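Chemist: Below are the structure tokens for one structure; questions will follow.
The values are calculated or read from the model by the stated rules, or taken from the named source; none is laboratory data. Because the structure is a prediction, the values reported are computed rather than measured. Here the Cβ positions follow ideal geometry from the backbone for every residue, glycine too, while neighbour counts run over all protein chains shown. Ligands, DNA and RNA are stripped out before the accessible areas are found, and what is left, the full protein with its side chains, is counted by its heavy atoms. Shrake-Rupley method; radii C 1.70, N 1.55, O 1.52, S 1.80 Å.
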Amino acid sequence: MVHHMRSVLLRYIGICVIATCFILLLISGLPSALDTCKCEEQLDRDLQHERFHKSFRFENTDQKRLAIVVPFRDRFDELLQFAPHIAAFLSKQSVPFHIFVVNQNDRFRFNRASLINVGFLQVRNKYDYFAMHDVDLLPLNDNLRYEFPADGPLHISGPEFHPKYHYAAFIGGILLLRMEHFEQLNGMSNRYWGWGLEDDEFYVRIREAGLEVTRPKNITTGTNNTFLHVHDRVHRRRDTTKCFNQREVTRKRDRETGLSTVQYSIHSRRELTIDGVPVTVLNVDLFCDKQKTPWCECEPKTDNTNAKVPKKKSS
């Protein structure tokens, strides 16, 4: 009898030990408060990562994909305003897009056209069309549709609505093109170091190719409220200096340089977010052939006519 009771007791103790171990294993598998916090942090990181790459994943394959190419240098404060504004504006139109900031990293004068050429070469295989877009020009009218330019270049910032430029051949500011059309034109001229005239030369290329520039219709706003022009002329003066034979050469149709001749290197590539908007920054070093375009570097003009001659000290 005693032997039987001892056997039962041992079995009971064994069952308790096994049950206790099983319960401990279950408890150890449950997340603690700290683990829960880590899980939430990981979820937040995953959501941020997903949001950053959202524009690279186009769930609706029927929609045309837009690459926004922004030629850039020393305009970070304007970029901070540009990225969230464009994202909010295009989200209303359900346009799948991504912003590419092509930042000129070298020491030469700003070359907007060459930066656009470089930006195009970086995006042409992944997108259906692209916008050459100034960072200081923000669309305000929702009827400015960034739609696929099926029939030819689509000039969003037409002279009727641009805050500053109103001549008929103006195509600057915001211009949308199909990839094949930009290649057909051999891109833009690489001769325009400094500010201005590269758009006018590009307009001649478009006309010679037989392409027709179209502009948005049914726009009821005017030059004061269709766009917001955030350029500060006092603190960001245009580089309008002309040196060597720049004035003569840049007023002619360039039949030598373009997309096929732009020389550059990618110094670095950075992915960042601005107010939750994913932006790719391409830091680019352009190459200048000073035998052909010596005006990529202009010496500052000095006026010594009124310079004072220091007086000799008396001995």
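Chemist: Report the charge-dipole magnitude of the range 59-212 in Debye, nearest 20, computed about the Cα centre from +1 at each Lys and Arg Cβ and -1 at each Asp and Glu Cβ.
Modeler: In debye, rounded to 20, the range 59-212 gives about 340.
Chemist: Per residue, what volume in Å³ does the Cα convex hull of the range 128-187 take up?
Modeler: 97 Å³
Chemist: So how far apart, in nm, are the two label points at K92 and E271 if each is 7 Å from Cα heading toward Cβ?
Modeler: Between K92 and E271, the label points sit 3.0 nm apart.
Chemist: Give me the tail of P(r) for the range 254-303 as a percent: Cα-Cα pairs with distance above 15 Å.
Modeler: Roughly 67 percent, rounded to a whole number.
Chemist: Taking the alpha-carbon set of the range 178-226, what are its Rg and Dmax in Å?
Modeler: Cα only, the range 178-226: 14.1, 37 Å (Rg, Dmax).
Chemist: Let me ask something additional. Taking 7 Å along the Cα-to-C-beta vector as the label spot, tell me the K217-K64 distance in nanometres, rounded to one decimal.
Modeler: Placing both labels 7 Å beyond Cα along the Cβ direction yields 1.6 nm.
Chemist: Take E297 and S260, extend 7 Å from each Cα along the Cα→Cβ direction, and tell me the distance between the two endpoints in nm.
Modeler: 3.0 nm
Chemist: Let me ask something additional. Count neighbours as other Cβ atoms within 10 Å of each site's Cβ, and list the trypsin sites (Lys or Arg not before Pro) in the range 103-158 that are DSSP loop with at most 13 such neighbours.
Modeler: Taking the range 103-158 and a limit of 13 other Cβ atoms within 10 Å, the loop trypsin sites (Lys or Arg not before Pro) found are R107, K126.
Chemist: While we're here: What's the extension gain from N143 to F76 if we count 0.36 nm per residue and subtract their Cα-Cα distance?
Modeler: 21.3 nm
Chemist: Now for a separate question. Counting other Cβ atoms within 10 Å of each Cβ, which GluC sites (Glu not before Pro) in the range 203-296 have at most 15 and sit in a DSSP loop?
Modeler: E212, E256
Chemist: Please work out how much accessible surface F110 shows to a 1.4 Å probe, ignoring ligands, DNA and RNA, in Å² rounded to 10.
Modeler: F110 exposes around 60 Å² with every protein chain in place.
Chemist: On a 19 Å Cα-Cα criterion, which of the cross-link pairs K242/K292; K64/K217; K64/K126; K252/K292; K64/K92 come out too long?
Modeler: K64/K217, as the Cα separations exceed 19 Å there.
Chemist: Right, next: In vacuum, with every alpha carbon of the range 192-288 counted as one equal point scatterer, what does the Debye formula give for log10 I(q)/I(0) at q = 0.19 Å⁻¹? Two decimals, please.
Modeler: Cα-only, vacuum Debye calculation for the range 192-288: -1.30.
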